[in-house]
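J.: Here's a structure for you.
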Amino acid sequence: MFTPTFFINRSIDSEVKEEITSRLLSHANAFALFLSSNSKLSLIEAADSYANATNLRITLISLDGKVLGESGLSSNEVMKMDNHLSRPEVLQASREAFGVATRYSSTLKEEYIYVALKINAEKASFIRVAQTMDFAKSLISLRQGYQYRIIFLVSTILIIFTFLVDRWVTSPIRNISRVAEKIKMGDWSVRSSVPGNDEIAALARSVNEMAETLGADIAKIIKMSDVRSEFLINVTHELKTPIASISGYIETLLSGALEDKKVNRSFLKRALKNINRLEVLVTDLVDISRIETGELTMNIIQVNIIPIIEELVKDANEGKDKKDLKIYISNNTKNNINVDADPDRIHQVFDNLLSNAIRYTDDGEIEIAINSEAGKVNFSIRDTGIGMDDESIERIFERFYRTVTARSRVKSGTGLGLSIVKHIIEAHGSNIEVDSKIGEGTTFSFELKLNDD
Ligand SMILES: Nc1ncnc2c1ncn2[C@@H]1O[C@H](COP(=O)(O)OP(=O)(O)O)[C@@H](O)[C@H]1O
Ligand SMILES: [Mg+2]
C-alpha cells in the first residue's frame, strides 16, 4: 500500500507541475497577443489588466534583463527591482525560447512557479508569467485525495477478498491437509469437516471416504493376521496331542509291552485311533486352507440327494457306539429329490452335521427332515442332545471353536467341521441356521435349490 502511494505521489507532483507550466506558457503566448493588440496601454497597465483577469503574476523584461513592468507593482517599485537576466527561467528562455523555474520570490515573499517566454516585440523581450505554488499544492492535494480514496477502496476490496479466499479456499484446504497429515501418522479415525458442494468440499469428502475404506481395510488386515497366528497356534496344538499319544504308545510297546499279550493290541488300537484323528484333522486343515486360497470351488450339478442321506443314516445307525439313539429321516416330499449341489461337498455337510448330532447327543433321537417349497428343499438335522447357549451359537462356526461342555465331554473334536460346513453351504448360495437350547437339543437347517429338469 505504501509503495504505490509513494510513486503515485511523485508522479502527481510532476504531472501537476507540467500541467501548470503548459498553462502558464499558453498564458504567456496569449498575453503577447494581448500586448500587440492593445498598443495604447502602457506595459504596466497591460500587465495589470491581464493579471487581474487571470489571477496570475505578469512581468515584462527587456532584452538586457531590466524589469519593464510587473502586475501589482507601481512604476516606482518596478524601478527598484534588480536585473532579471540572471533568473534561471529568463536565462533559459534567452537560449531555448522559453524557460521554467520554481523558486521563492524575494519580492512577494511566496513560492512561485515561473514561466518565461521570449518574444520579438519592440517594447519587451521577455514575458514572464508566474503563479503561486499554493495553487499547485492545492491541486496536488486534491489529486492525492482522490488517490487515497482509490487506494483505500482497493485495499478494502483486497482485504475482503483475502478474507473470503481464506474462508472458502485456504482454511478448508488447511483443514484437509491437517486431516491428511493425521492419516499419514496412522490415525484413521479423523475426518475432514468441509461443508458445501464445491470442489474443495468434494475433495474433503473423497479424503474422508479414502480414510474410511483404507481404515476398514487395514483393520481387516490386522484382524486377519491375528486370526492367522491364532490359527497357527491352534493347529500346532491340535496336531501335537495325537502325535504325543502315538509316540507314547509306541515307546511303551518298544520298551517291552509288545510282548505283553494283554496290552499290546489295545495300545496299537489306541495309536491307530490317534492316527485316525490326525487324518481327520489334516483333511479338515487342507479344506480350510483351500477355502482360504479360494481353491475350494464347487462343482454344482444335479444331485439326487435322498440316497446320499440314506446311506449316511445307515452308516450312522451301525456305528453309533452303543448309544441309545434313534436316527431317522422324515421325508415330507417326493422320494426322488434333485437339487443343485456339489455331491461330494454336500455329502461332507451331512456327514459333519450328523456326526456332530451323534457326538453331542447321549440318548433320544436324531431326525433329518426334508421339506420342499417353491423351488427349494429345506433340510434340518435335529437332535435331542446337550444343546448350547446363545453365546456359543454365535461362535460355533469359528475355526477351532468348541463349547466348554463339548470339550469336556468329547475329546475327539477339532472345532473345524462347522466352519467348513458353513463355507460349503454359502458357496451353494444359501445359509445355515442353528436353533439350540441347553439340555434340550439342537437343530441345524439350510436350503438347497430344487432341480426338477
Ligand atoms: N449338534 C450339536 N449339539 C451341541 N453342540 C454342537 C452340535 N454341533 C456342534 N456343536 C458345538 O459346536 C462346536 C463346533 O462344531 P464343529 O465345528 O463341528 O467341531 P467339532 O465337531 O470338532 O467339535 C462343537 O465343538 C460343539 O461345541
Ligand atoms: Mg464336527
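J.: Mind pulling the angle between the C-alpha long axis of helix 305-318 and the longest principal axis of the chain? Nearest 10 degrees, somewhere in 0 to 90.
T.: Tilt relative to the chain: about 50 degrees.
J.: Between Asn304 and Asn331, what is the label-point separation in nm under the 7 Å Cα-to-beta-carbon projection?
T.: Those two pseudo-labels are separated by 1.0 nm.
J.: When DSSP beta bridges are limited to those with both residues in the chain, what percentage is antiparallel, rounded to the nearest 5?
T.: Around 85 percent of the beta bridges assigned by DSSP in the chain are antiparallel ones.
J.: In addition: So what's the angle, to the nearest 10 degrees on a 0 to 90 scale, between helix 2-37 and the longest Cα principal axis of the chain?
T.: 30
J.: Please list the non-local residues whose amide H lies under 5 Å from the amide H of Ser105, H modeled 1.01 Å from N, same-chain partners needing a gap of 5 or more.
T.: Amide H neighbours of Ser105: Glu110, Glu111, Tyr112.
J.: Now for a separate question. Would you be so kind as to identify which of Gln144, Ala369, Ala357 lies farthest towards the positive end of the dipole of the chain, taking Lys and Arg as +1 and Asp and Glu as -1 on Cβ and the Cα centre as origin?
T.: Gln144
J.: DSSP beta bridges in the stretch 270-371, what fraction antiparallel, as a percent rounded to 5?
T.: So the antiparallel bridges in the stretch 270-371 amount to around 35 percent.
J.: Nearest 20 debye, what's the magnitude of the dipole of the chain about its Cα centre given +1 on Lys and Arg Cβ and -1 on Asp and Glu Cβ?
T.: Roughly 2040 debye for the chain.
J.: Now for a different question. Is the shape of the stretch 88-127 rounded, prolate or oblate, going by the alpha carbon gyration tensor and its root eigenvalues a ≥ b ≥ c, with a/c under 1.5 for rounded and a/b larger than b/c for prolate? Intermediate values should be presented prior to the final figure.
T.: Working: a/c = 3.37, a/b = 1.77, b/c = 1.90.
Because a/c hits 1.5 or more and a/b fails to exceed b/c, the stretch 88-127 counts as oblate.
J.: Just to be sure I understand the model, the point goes 7 Å from the Cα along the line to the Cβ. What's the resulting Trp168 to Glu426 distance in nm?
T.: Calculated label separation equals 5.0 nm.
J.: If you don't mind, another one. Can you give the extra length, in nm with one decimal, that the chain gains between Val263 and Asp344 once fully stretched, where that is 0.36 nm per residue apart less the Cα-Cα distance? Let's see the in-between values first.
T.: Values: separation 81, 0.36 × 81 = 29.16 nm, distance 3.91 nm.
Contour length minus the Cα-Cα distance gives 25.2 nm.
J.: Let me ask another. Rounded to the nearest Å, what's the spacing between the alpha carbon centres of the stretch 287-325 and the stretch 174-233? Just the number, please.
T.: 44
J.: Follow-up question, since we're still on this one. Please give the calculated 222 nm ellipticity per residue for the chain, where each DSSP H segment of at least 4 residues contributes -39500 (n - 2.57) and the sum is spread over every residue; nearest 500 deg cm²/dmol?
T.: After summing the helix terms and dividing by the residues of the chain, the value is -19000 deg cm²/dmol.
J.: Suppose each label sits 7 Å from its Cα in the direction of the beta carbon; what would the Lys182-Leu142 distance come out to in nanometres?
T.: 6.2
J.: For the chain, what relative contact order do you get, as a whole percent, if you take Cα pairs closer than 8 Å and at least 6 residues apart?
T.: Here the relative contact order equals 9 percent.
J.: Stick to Cα atoms and the Kirkwood definition of Rh, then tell me Rg/Rh for the chain. Write down the numbers at each step before the final one.
T.: On the way: Rg = 57.1 Å, Rh = 33.5 Å.
Across the chain, the Cα-based Rg/Rh ratio is 1.70.
J.: In what sequence, highest mean first, do 164-172, 442-450 appear when ranked by Cβ atoms within 10 angstrom?
T.: The most tightly packed comes first, giving 442-450, 164-172.
J.: If you take the square roots of the eigenvalues of the alpha-carbon gyration tensor of the stretch 2-140 and sort them as a ≥ b ≥ c, do you get rounded (a/c under 1.5), prolate (a/b over b/c) or oblate?
T.: Prolate shape, in that a/c is at least 1.5 and a/b is the bigger ratio.
J.: Still on this structure: What shape does the stretch 293-437 take by its C-alpha gyration tensor, where a ≥ b ≥ c are the square roots of the eigenvalues and a/c under 1.5 counts as rounded, a/b above b/c as prolate, and the rest as oblate?
T.: oblate
J.: Continuing with this model, one more query. Taking Cα atoms, how many degrees apart are the long axis of helix 171-184 and the longest axis of the chain, rounded to 10 and kept between 0 and 90?
T.: With rounding to tens, the tilt is 40 degrees.
J.: If I take R0 = 30 Å and measure r between the Cβ atoms of Ala244 and Glu391 in this structure, what FRET efficiency does the formula 1/(1 + (r/R0)^6) give, to the nearest 0.05? Working shown, then result.
T.: On the way: r = 31 Å, r/R0 = 1.04.
That pair, Ala244 with Glu391, gives E of 0.45.
Each value in this text was obtained by applying a stated rule to the coordinates, not by laboratory testing. Remember, it's a predicted structure, so these values are computed and weren't measured experimentally. Here Cβ is always computed from backbone atoms with ideal geometry, including for glycine, and neighbour counts include all displayed protein chains.
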